[in-house]
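**Q** Handing you this structure, nothing more for now.
The values are calculated or read from the model by the stated rules, or taken from the named source; none is laboratory data. Everything quoted here is computed from the prediction, not taken from an experiment. Neighbour counts run over all protein chains shown; Cβ positions are idealised from the backbone, glycine included. These accessible areas exclude ligands, DNA and RNA; they are computed on the full protein's heavy atoms, side chains included. Shrake-Rupley method; radii C 1.70, N 1.55, O 1.52, S 1.80 Å.
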Amino acid sequence: SFEKQATIIILQIGNKNFTVNGETKTLDSPPVIKNSRTLLPIRTVVESLGGTVDWSDSEKKVTVSLGTNTIELWIGKSTAKVNGTDKPIDPSNPKVVPEIINSRTMLPLRFVTENLGATVDWNDKTKTITITY
């Protein structure tokens, strides 16, 4: 049986540098916490997992694809589409929405990565996020 090696991504709030399986990469904007949730420019992270990110300026929409999963998110909207089905980004916190911060499209990290099939761990002491896919 062929076993796919897990991809481990480690990010830190306020730090542009992150690692993918130990290799350092750089985000164009560091992750931030807003409304108790982590937002970040998702493209580099998704591409590190082998996925794609598309932006529609006219719709203010981000489409994230990885494997068989597609997530559509709109700036300022608390509902996204996951594989064609409407889904609240954060059922307990409708303030969590994709935003443009410093000319960067910032997406809710946990919602996107978990809907792509990854797991997310948060370390409050070090403010680090570990994504395992």
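**Q** Scan region 1-17 for residues that are in a strand (DSSP E or B), open to solvent by less than 70 Å² (accessible area, probe 1.4 Å) and under 20 Å from V64 (Cα atoms) and jot them down.
**A** I8, I9, L11
**Q** Additional query: Sort out which residues of region 117-133 are over 15 Å from V32 (Cα atoms), open to solvent by 60 Å² or more (accessible area, probe 1.4 Å) and touching a residue at least 24 places away in the same chain (Cβ under 8 Å), and write them in order of number.
**A** Selection gives Y133 alone.
**Q** Please name all residue pairs, on different chains or six or more residues apart, with Cβ atoms under 6 Å, provided the first residue is in region 6-32 and is at positive phi and the second residue is open to solvent by 40 Å² or more (accessible area, probe 1.4 Å) and part of a strand (DSSP E or B).
**A** Hits for this filter: N21/I8.
**Q** Going by the structure shown, is T105 assigned to a helix (DSSP H, G or I), under 20 Å from S65 (Cβ atoms) and touching a residue at least 40 places away in the same chain (Cβ under 8 Å)?
**A** No, not satisfied.
**Q** Considering region 28-49 alone, what residues qualify as being open to solvent by 40 Å² or more (accessible area, probe 1.4 Å) and assigned to a loop (DSSP other than H, G, I, E, B)?
**A** D28, N35, S36
**Q** Would you be able to tell me the number of residues in region 78-133 that are over 15 Å from V62 (Cα atoms) and touching a Gly at 6+ places or on another chain (Cβ under 8 Å)?
**A** Adding up the residues that qualify gives 3.
**Q** Taking into account only those residues within region 93-106 that are of a type in the set (D, E, K, R) and open to solvent by 40 Å² or more (accessible area, probe 1.4 Å), which is nearest to the chain's Cα centre (by Cα)?
**A** Checked region 93-106; the qualifying residue nearest to the chain's Cα centre (by Cα) is R104.
**Q** Another question, if that's okay. Residue pairs, Cβ under 6 Å, 6 or more apart or interchain, first in region 53-74 and closer than 16 Å to R104 by Cα, second aromatic (F, W, Y). List them.
**A** K60/W74; K61/W74; V62/W55
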